[in-house]
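Working notes for the structure below.
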């Protein structure tokens, strides 16, 4: 008789497991040929950016690589080499075609093409048979996808290397100025519908919620941040939340998730649902203007839908790699796009790390939904950190925590906003219902931007150092059974770190010279004036307290006599509290009618109020002194009508150690025109508003500065513009940018009695 054991326990039915979709970190997934091919293709594309070859050679290389793929043997190493060569050839062809289409000199042209971008800074990109051109000087936008005739003057790319590189990677070969544009044909029906949806969204959202909250909601829905104040964009960036203002794969995932919920309740077959989802992906890509991150997400979703059409999706890693590889082959320039790199890195991090992290948290009795959320956020932040450091030299340590709170809220707002976008055709004010939760998201961004560790500067050299640190930690963990050896290694590592820190700290201190220093505080402003008698005056503080303090310490400055705040934008005043505590100024100077437009700047205002320091309000004609430093205020004046913070910004000329310096803050061109005739010749000029395009050429001509300095850092505004640089690039003058030269110090007493310029880079 057959023996029987106890009956197996009956499994209880549970709800969906929030961790079930996560892929484990398995070597066979990440070492598969398709992943190796993707790595090789990207490496080849990056190599092509630094090695110039002729197009015929690149074509031959590509053909050879394709032929080699049909050979036998070699394994993963062979796949890697072949795809490096293939990626190099494809990218070299793309680089060569753009360079060949660039005109050698100004040339009159009359061409036809398709509009391929929104109006930004008065320019739109048009795709023409020879490549792409940028039509500048437009007063009104042309619908995306419209066919136009353009007559004007084609000019070579701008001299500014940053702008020229950005245009090159957008395949823009020339700027067309003085253009006459004639609309030949309206966009195709589907693209016209996408344009109409985008315009309707923008108008209704900003009317119902205002520029800030409406702009944040539009950023979630279609990546349109054109109406957002610079302050809000900067706060989200500092808090590690800037990905919420540009459409990414998560936005598309939220929309498709909501669509799947609805489609699952309709009497449709599985393939009919997949077809509707595919059409929704296509339309969403058109609405969001095919941004790189959206293209990556759309390609991945499209590949997944194609796989699901014939069966079941079993290996998301290979689907992800195949989608990204297809995009890189079609457009090798994507490999150099920061947005594309961040999107790919975040997805790879989630696929590879989220599962193991969530499993570890679940074993620690963390609720599974919480474990999933923490694991996804952590995996994404860890994966994008090297890209952020490499591309921007900055990282937000508070981004992990901020995203845990903000991303679920952003997901809910994206789904609710998509639903409201449908209702807005009949009820335009429906977006007003989303005002409070959008306000909460704005508050999270503002709070995260003010937390310690937000927007930390990390040099590229830190990447190999981080790799060494990780290897060191692995060695320590390996030797954990040998506790004594582990402690010795930790102690030795700590001693090395402390020793290097002491050397760096000692090397970073110096004696200040008489003159001025434009402190490198990133995208912000901080100018230190030092008199021959040792008196000091700081004009603005920048945004990052640690960075400002490090810059002042490197200049040898301890205490300040006067702190001048030109206006209330946070990139000029956010570090006020740190300055008051560490450098103890005896006087704070503010312009008459100063406004505090953001939460960060209002915190600075409160810091001044509770500090008890003496505050002086100034306007046109007032003079502020500190020792032999004399700062003459030219603006604001009694005729100023306040519209925004820049309208009341202090414009001044300072005299220090025998030098005259123009300090125009963020004054607009209209304000710059109002101080004409009162500036006179100066030795040094700070280029207004970080080199924005809002400039008055007559002011630069009157100042006739021998040295022009642009305080600027990584930014999304296109600062400094070629227009601003050209205005202050006078014959015989020298130009410096803090993002390239670091802190720029202008000393009155050089070796031969002349002005001496020193830079920290």
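None of the figures in this text is laboratory data; all of them are computed from the coordinates on show. Computed from a predicted model, the values in this text were never measured in an experiment. Backbone-built Cβ (ideal geometry, glycine too); neighbour counts: all protein chains shown.
Details
- If both residues of a DSSP beta bridge must be in the range 612-761, then about 65% of such bridges are antiparallel.
- Across the range 682-761, the mean sequence separation of Cα contacts (distance under 8 Å, 6 or more residues apart), normalised by length, yields a relative contact order of 27 percent.
- In this simple spin-label approximation, residue 226 and residue 670 carry label points 7 Å from Cα along the Cα→Cβ vector, and these lie 2.1 nm apart.
- Efficiency of FRET between residue 46 and residue 365 - r from beta-carbon atoms, R0 51 angstrom, step 0.05: 0.70
- Contour minus Cα-Cα distance for residue 105 and residue 153 (0.36 nm per residue): 16.3 nm
- Cα gyration tensor category, rounded, prolate or oblate, for the range 107-187 with a/c compared to 1.5: prolate
- Take the Cα of residue 433, step 7 Å toward its Cβ, do the same at residue 177, and the gap between the two points is 5.1 nm.
- For residue 192 and residue 382, the FRET efficiency from 1/(1 + (r/R0)^6), where r spans their Cβ atoms and R0 equals 56 Å, is about 0.85.
- In the range 192-457, Cα pairs under 8 Å separated by at least six residues give a relative contact order of 28 percent.
- Per-peptide average of other Cβ atoms within 10 Å, ordering 220-228, 647-655, 254-262 highest first: 647-655, 220-228, 254-262
- Centre separation in Å (Cα based) which lies between the range 88-128 and the range 132-194: 8
- Separation of the range 387-415 and the range 320-358, taken as the distance between their Cα centroids, equals 17 angstrom.
- Share antiparallel - DSSP beta bridges, the range 524-594, percent rounded to 5: 40
- Cα gyration tensor, the range 226-370 - rounded (a/c under 1.5), prolate or oblate: rounded
- For the range 602-617 versus the range 511-563, the gap between their alpha-carbon centres in whole angstrom: 19
- Whether the range 515-759 is rounded, prolate or oblate, judged on the alpha carbon gyration tensor where a/c under 1.5 counts as rounded: rounded
- Nearest-0.05 FRET efficiency for residue 338 and residue 199, computed from C-beta distance (R0 30 Å): 0.65
- Mean separation of Cα contacts under 8 Å, 6 or more apart, over the residue count of the range 227-338: relative contact order %: 23
- Here the extension length gained between residue 559 and residue 419 equals 44.8 nm, from 0.36 nm per residue of separation less the Cα-Cα distance.
- When peptides 102-115, 517-530, 34-47, 731-744 are ranked by their average number of other Cβ atoms within 10 Å per residue, the highest-first order is 517-530, 34-47, 731-744, 102-115.
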